[in-house]
Amino acid sequence: MRRRAKSQSTRLNPSRGNRNTRAQSIRHSNEACRAAEEGESAAKYLFKLSHDVIISLDRIGNILCINQRGVELSGYSESELRGANVFELLLVPEDRRLAREMLVALLEGKARQYQVRWRTKTGAIVHFDGVSVPRMSNTGKFLSTLCTLRDVTERKSAEEKLRKSEEKYRDLIEISPDAIYVVDANGICVLGNRAGAELAGVPQDQLVRTPIAETYLPEERHLFRERLEKLKTGRTIRFERKFLRKNGEIVPVEVSVSGIRGGYFQAILRDISQRKRAEALLAGEKRLLEMIATGVPLKQILNALCLIIEEQRPETLASVLLLNADGVHLDVAAGPNLPKEWTRQMELMPIGPCAGSCGTAAYRGSAVIVSRSIAPQH
């Protein structure tokens with residue numbers, strides 16, 4: 001009896017295992033079905049409550065279905081939208097050609113990213129960033145296209161305001177008589193006005209990408225880096241410096257530099273050449289009066305006068321000639337920068353009606369003004 005019972009028990013075990021396997025299979029199948037149902041429900045939930053517009057179109061752009069977000073933004077009812085052509089009802093005329101070209105690509109099975117605008121029922125314009133993906137059959141036949149559109153109207157509005165603000169800023173700096181440069185954190189010019197180009201001595205379009213350090217004298221370029229570091233603390237700094245033009249000319253300028261948004265700096269430079277000349281002239285006059293008052297010899301006073309004149313008029317050589325006691329020749333009383341050979345020739349030449357400007361003036365006893373002189377030939 002024990003052996004028979006054991007044999008029966010052994011025969012029952014395989015049957016119990018098969019039942020367990022079938023139960024597990026049924027359980028997995030039910031779970032898969034539930035997962036599929038949940039997945040479909042999730043897709044419907046996403047379609048219904050998405051903050052982006054989700055719209056399905058046929059091969060000519062007719063609306064097959066559209067979610068609630070699309071209905072809200074369009075201003076139309078769902079019944080008005082379903083079956084309507086998206087190009088005619090919603091797209092602004094300027095975007096229709098590009099959208100139709102994109103639809104051709106979708107018919108060929110190619111996904112596309114794009115920007116598009118809708119005109120709503122109330123006439124408002126809505127800007128979108130869009131992605132369209134074609135839905136194809138197993139045989140490669142086009143079925144529909146699914147479009148996801150994100151409302152970027154606020155961003156576009158902000159960009160437009162910024163663009164207008166930049167245009168206004170450009171207009172303002174263009175009419176400024178002062179040179180204005182916008183410089184990045186590395187000291188490279190990214191924007192300059194007409195006055196800035198004139199000061200630098202280059203065409204305006206060549207200002208961009210120019211290192212501002214190149215407008216410093218070589219021995220002063222370390223100051224540029226020091227000032228750039230100070231600006232990074234957020235302060236506005238003002239100073240005077242010598243501006244090196246493209247042709248090598250040096251112009252004294254007054255500078256005001258401050259930080260602006262985006263990590264850039266705005267530099268306003270004013271040519272103070274006239275002011276510096278006026279200051280130098282006033283200082284020169286004061287120095288001459290002190291020399292006269294303290295009994296400095298006449299030749300030194302006259303040489304100082306010549307130097308003051310040359311400082312006021314670059315590329316000019318000044319001299320003072322006095323009539324010799326013989327009444328025929330001139331003595332060069334002052335001319336610190338005149339060539340010695342010229343001085344000697346002037347003192348040997350007798351005065352007369354055609355003896356140059358100085359000799360003629362001494363002969364006539366009146367001023368002679370020469371508007372243009374001919375450079376000597378060597």
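Just so you know, all these numbers are worked out from the coordinates, no wet-lab data involved. Because the structure is a prediction, the values reported are computed rather than measured. Every residue, glycine among them, receives a Cβ derived from its backbone with ideal geometry; neighbour counts consider all protein chains shown.
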Worksheet entry | Cross-link partners of residue 141 among aspartates and glutamates (Cα-Cα below 13 Å; sequence separation of 8 or more within a chain) | 58, 108
Worksheet item: Kirkwood hydrodynamic radius for the chain: how many Å is it when counted over pairs of different Cα atoms?
Response: 31.0 Å
Worksheet item: Shape of segment 166-255 from its Cα gyration tensor (a ≥ b ≥ c, root eigenvalues): rounded if a/c is under 1.5, otherwise prolate when a/b > b/c, or oblate?
Response: oblate
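If each DSSP helix of 4+ residues adds -39,500 (n - 2.57) and the sum is divided by the residues in the chain, what number results at 222 nm, nearest 500 deg cm²/dmol?
For the chain, the value works out to -15000 deg cm²/dmol.
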Worksheet entry | Simple Cβ-charge dipole of the chain, Lys/Arg +1 and Asp/Glu -1, about Cα centre, in debye nearest 20 | 3860 debye
Worksheet item: Mind checking the angle between helix 298-312 and the chain's longest principal axis? C-alpha axes, 0 to 90 degrees, to the nearest 10.
Response: 30 degrees
Worksheet item: Which residue, 354, 147, 306, has the most motion in a Gaussian network model of the chain that connects Cα atoms within less than 10 Å?
Response: 354
Worksheet item: So what's the angle, to the nearest 10 degrees on a 0 to 90 scale, between helix 2-49 and the longest Cα principal axis of the chain?
Response: 40 degrees
Worksheet item: In degrees, nearest 10, range 0 to 90: what is the angle between the Cα axis of helix 273-293 and the longest Cα principal axis of the chain?
Response: 30 degrees
Item to complete: Please name whichever of 298, 63, 125 sits farthest to the positive end of the charge dipole of the chain, dipole taken about the Cα centre and charges placed at Cβ: Lys and Arg +1, Asp and Glu -1.
Response: 63
Fill in: Efficiency of FRET from Cβ geometry, residue 368 and residue 238, R₀ 30 Å, rounded to 0.05
0.05
Worksheet, complete the sentence: For residue 258, the net charge from surrounding residues (Cβ-Cβ under 10 Å; K, R +1; D, E -1) works out to +2
Discussion item. Please compute the volume of the convex hull spanned by the alpha-carbon atoms of segment 95-135 and report it per residue in Å³.
Written reply: 68 Å³
Discussion item. What is the sum of charges, Lys and Arg at +1 and Asp and Glu at -1, for the other residues whose Cβ falls under 12 Å from the Cβ of residue 163?
Written reply: +1
Practice prompt. Excluding residue 291 itself, calculate the net charge of residues whose Cβ lies under 14 Å from the Cβ of residue 291, where each Lys or Arg counts +1 and each Asp or Glu counts -1.
Written response: +1
Fill in: Listed residues 337, 247, 138, most fluctuating in the chain (Gaussian network, C-alpha, under 10 Å)
138
